[in-house]
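> Below: one structure in structure tokens.
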Amino acid sequence: MIRLLKSKRGFTLSEVIVAAVIMSLAVAGSYSSYFLARMFGHRFQHKTYAINRANELADYLRHHLDYDNPDLTNGNHIYPAAAYNVLDVSSWDIVVNKEVRDLAAQYNVSQVWFNNGVEMAVDGSQTPDQIFKKITVTVTWDEIS
């Protein structure tokens, strides 16, 4: 009888436990990689959305406001009334779908001039035709986990 038991082949309990631990680690690693990739995918989707909205705002400012418009004076501008709700982010898809919170858009206007292709700050020695308005658009938000 003892000889019959020794001749059967199979796995010992310790081998089965080690295999189960290895398999569970592999599954856990795959699972966490999936959710990490999903999180980064959403983050890049939000960044792309913000970049597109910032470009829309820059195009609006470029094509719909005159150079001397009060909304293009130096400094920060947050949702100006004359911008015809371009900065109203409440209807943006990522806000409506509750993917992000505290979404805000603003732009900053500064005056610059160029000296041999290098951007320089205006120091008062330039003529008005040498001065350009530089507009920087910023979109901020908090990710919802």
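The numbers here are math on the coordinates, done by the rules we state, and not lab data. Model, not experiment: these values are computed from the prediction. Methodologically, a virtual Cβ is constructed for each residue, glycine included, from the backbone with ideal geometry; neighbour enumeration extends over all protein chains shown.
> Which of Tyr34, Tyr107, Tyr67, Tyr60 comes first, and how do the rest follow, when ranked by fewest Cβ neighbours within 10 Å?
With the sparsest Cβ surroundings first, the list reads Tyr67, Tyr34, Tyr60, Tyr107.
> When the Karplus curve 6.51 cos²θ - 1.76 cosθ + 1.60 is applied with θ = phi - 60°, which whole-Hz ³J(HN,Hα) does each residue of the range 55-63 get, with x for Gly and Pro?
5, 4, 5, 4, 5, 4, 4, 5, 9
> Please rank His77, His46, fewest neighbouring Cβ atoms within 10 Å first, as an exposure proxy.
Taking fewest neighbouring Cβ atoms as first place, the list is His46, His77.
> Hey, another quick one. Residue-wise, which Karplus ³J(HN,Hα) couplings in Hz belong to the range 45-54, taking 6.51 cos²θ - 1.76 cosθ + 1.60, θ = phi - 60°, and x for glycine or proline?
5, 5, 5, 4, 4, 5, 5, 5, 5, 5
> Could I ask something else about it? Based only on other Cβ atoms within 10 Å, what is the fewest-to-most ordering of Lys134, Lys98?
Fewest-to-most ranking of Lys134, Lys98: Lys98, Lys134.
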